[in-house]
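Single-structure report; data block below.
The values are calculated or read from the model by the stated rules, or taken from the named source; none is laboratory data. Predicted model only: the values in this text are computed from it and were never measured. So basically every Cβ, Gly included, is an ideal-geometry build from the backbone, and we count neighbours across all protein chains shown. Surface accessibility is based on the protein's heavy atoms, side chains included, excluding ligands, DNA and RNA. Shrake-Rupley method; radii C 1.70, N 1.55, O 1.52, S 1.80 Å.
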Amino acid sequence: MTIEEMKDRLRPGLKHKRFVHSVNVMETAILLARKYGVDEEKAAVAGLLHDCARDIKGEQVFKLCDEMGIETDYITRAQPELLHGPIGARLAETEYGISDAGILDAIRYHTTGCERMSMLSKIVFIADYIEPGRTFPAVFEARKVVYNDIDKAILMSLEKTVRFVMDKGTLVHPNTINARNYIIYERRNKAK
Ligand SMILES: [Fe+2]
Ligand SMILES: [Fe+2]
């Protein structure tokens, strides 16, 4: 399927605002892929499709998880929006014919992050945060550093997310903590 065909398939399943966001993430992911030596086509596909399951709501989320064999736990049951990554990865496979494990992982983990993220996963994660439609203040800071130090930009966004979730009193997903810890660990090893 070409990118244009994917866009045509994606559009009806998303709110207009979300579709525009998806195209923005795709474009930002391409720029970052160019900078960080990642396959631009893979970055484009992962960026475009990352939120393909974002507008599936309510009981349908858990029904799909059952059908797809996606495990849920008390955290994702309390905050079902966390499941749009794993569901999106499966839809990318079945509805869009994507078989590349790196693209599927980038979609699967784009919301929480995870330990040992690949550069492609990092690109989609941070493109989601900094695409041009995002206007919250922390984004301007992340945009300044992302082309020099993508890990720093990701750390800033993960830490912001953890603080935000804690302030709200909701649950922090362990993958978010693992993503942060692993990037700090990697950076320490690189600095040695
Ligand atoms: Fe998302
Ligand atoms: Fe997104």
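A few comments on the model shown:
- Rounded to the nearest whole angstrom, the semi-axes of the ellipsoid equivalent to region 45-89, taken from the Cα gyration tensor as √(5λ), stand at 18, 10, 10, largest first.
- Listed residues H173, H50, H84, most fluctuating in the chain (Gaussian network, C-alpha, under 10 Å): H173
- Proximal lysines relative to K152, as straight alpha-carbon distance under 29 Å, when same-chain residues fewer than 8 apart are discounted: K17, K35, K42, K122, K144, K160, K168, K190, K192
- Pairs of Cα atoms farther than 24 Å apart, region 90-192, %: 26
- Each 5 Å bin from zero up to the one holding the largest Cα-Cα distance in the chain carries the following percent of pairs: 1, 8, 16, 21, 22, 17, 10, 4, 1, 0.
- Surface composition of region 3-191: carbon plus sulfur atoms contribute 51% of the solvent-accessible area (1.4 Å probe, protein chains only, all chains present).
- Between region 1-19 and region 162-192, the alpha-carbon center distance in angstrom: 32
- Note on the chain: GNM, Cα springs under 10 Å; of I177, I87, I126, the largest mean-square fluctuation is that of I177.
- Within-9-Å neighbourhood charge of D55 [Cβ basis; K, R +1; D, E -1]: +3
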